[in-house]
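Taking it in order: structure first as structure tokens, then the write-up.
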Amino acid sequence: MNHNPFNPGYFSENELKEFGFKSVGKNVLIAKNCTIIGLENISIGDNVRIDGFSTITATQPGYMDIGSYVHIGGYCAIFAGAGVVMKDFSGLSQGVKIYSTSDDYSGSVMTNPTVPVEYTGVIRKPVSLEKHAIVGSQTIVMPGVVVAEGCAIGANSLITKSTECWSIYFGSPAKKLKGRSQNIINLENQLINKNNG
């Protein structure tokens, strides 16, 4: 038992399997001070770590599918009301915010969740982080975005449009800066071969 009040620790694999997630793989660590809503709509692969003070909401009709070898840094917020997918080897640095839903700010409809749905125009579009995508600290990802395979997003960026594979983006709104090395694929193959050998 952890008696350090400043380090709440992580839930054990057995505890996670009992909580009601849709599925949970092996070697999964979720900090005890996270807020996670909609467990029955969340699938988690193997070798996943979700650090402290992160929030995930995946209430119906939303969902959250997390692949294997995925890291979600502390203080991230993932609003998966229209669905969020994080594929294998993807990751979020600290404080990233992902929105799969957003109010319509045009003024043609009302906003906020206290207003009945017939008076609002909530935008609902799933978000996907493809394999080996990494999103830098404090970045915001908006509804409908696909962060393409191998794409790296610099810190404090605003991602409003889908990205190109194996590219580096930065800014608000984010723009492509240059290509990104694909050596990660060789390293992935080495890791998989080592685990299977």
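Nothing in this text is a laboratory measurement; each read-out follows from the coordinates by a stated rule. None of these values were measured; they are calculated from a predicted model. Cβ placement follows ideal geometry from the backbone for every residue including glycine, while neighbour counts extend to all protein chains displayed.
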Residue order, fewest to most surrounding Cβ atoms within 10 angstrom, among ARG180, ARG124: ARG124, ARG180
Fraction of beta bridges assigned by DSSP in segment 1-143 that are antiparallel (%, nearest 5): 10
Burial ordering of CYS34, CYS165, fewest other beta-carbon atoms within 10 Å first: CYS165, CYS34
Leading residue at positive end of dipole, segment 38-178 (Cβ point charges), from VAL115, TYR69, GLY95: GLY95
Three-way shape label, segment 13-196, alpha-carbon gyration tensor, a/c 1.5: oblate
Distance between segment 16-73 and segment 127-157 - C-alpha centres, whole angstrom: 18
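Rounded to the nearest 20 Debye, what is the dipole magnitude of segment 13-196 about its Cα centre when Lys and Arg each give +1 and Asp and Glu each give -1 at the C-beta?
In debye, rounded to 20, segment 13-196 gives about 500.
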Relative exposure of SER172, SER167, SER93, judged by other C-beta atoms within 10 Å (fewest first): SER172, SER167, SER93
Most mobile of ASP65, ASP104, ASP46 in a GNM of the chain (Cα contacts under 10 Å): ASP104
